[in-house]
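Trainee: Dropping the structure in here first, questions after.
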Amino acid sequence: MELKISMNWTTAADFDIAAVYESKEGQRGVIYFGDLGKEDSFPYIYLNKDAGVDNQAGKKTEELVINQFNEMKYLWLFCWDYQSVENGTKGRWSF
């Protein structure tokens, strides 16, 4: 089973999607803009790119693909506003 998660935005912001995992064997890791993961080998989680760098306006998309849930004991998915994390300020979210 494959799961694709897409985050789309057009505002001048650098949002990032990520996954934190722990395998059944106790291996832990983070898939994020600094480690895009692997689609066809462990951890079978892949981030397609880091979009929104430099807070430029325009159409942006990040897609996270999870290929094998059965390898994982725990899996957490989240996103953050990169600039706000760096500055310690509230995220610029609007839903």
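Trainee: Hull surface divided by four, with the convex hull built on the Cα atoms of the chain: how many nm²? Could you put the intermediate results ahead of the total?
Mentor: Numbers: hull surface 25.9 nm².
One quarter of the hull surface, i.e. the mean projection, equals 6.5 nm².
Trainee: Mind counting lysine pairs for me in the chain? Cα separation below 25 Å, and the two need to be 8 or more apart along the chain or on different chains.
Mentor: 16
Trainee: Let me ask something else about it. Which net charge results when you count Lys and Arg as +1 and Asp and Glu as -1 among the other residues whose beta-carbon is under 10 Å from that of Phe33? Let's see the in-between values first.
Mentor: Working: positive: Lys49; negative: Asp14, Asp16, Asp35, Asp50, Glu62.
Here the count lands on -4.
Trainee: While we're here: Taking only C-alpha pairs under 8 Å that are 6+ residues apart, what is the relative contact order of the range 3-79 in percent? Before the final figure, lay out each step's value.
Mentor: Details: 164 pairs, mean separation 34.2, N = 77.
Across the range 3-79, relative contact order equals 44 percent.
Trainee: Here's something else I'd like to know. Suppose R0 equals 30 Å. What FRET efficiency, 1/(1 + (r/R0)^6) with r the Cβ-Cβ distance, do Thr11 and Gln68 give to the nearest 0.05?
Mentor: Values: r = 33 Å, r/R0 = 1.11.
That gives a FRET efficiency of 0.35.
Quick note: the coordinates plus some simple rules give every number you see, no bench work behind them. Computed from a predicted model, the values in this text were never measured in an experiment. FYI the Cβ positions are ideal-geometry reconstructions off the backbone, even for glycines, and counts take in every protein chain you see.
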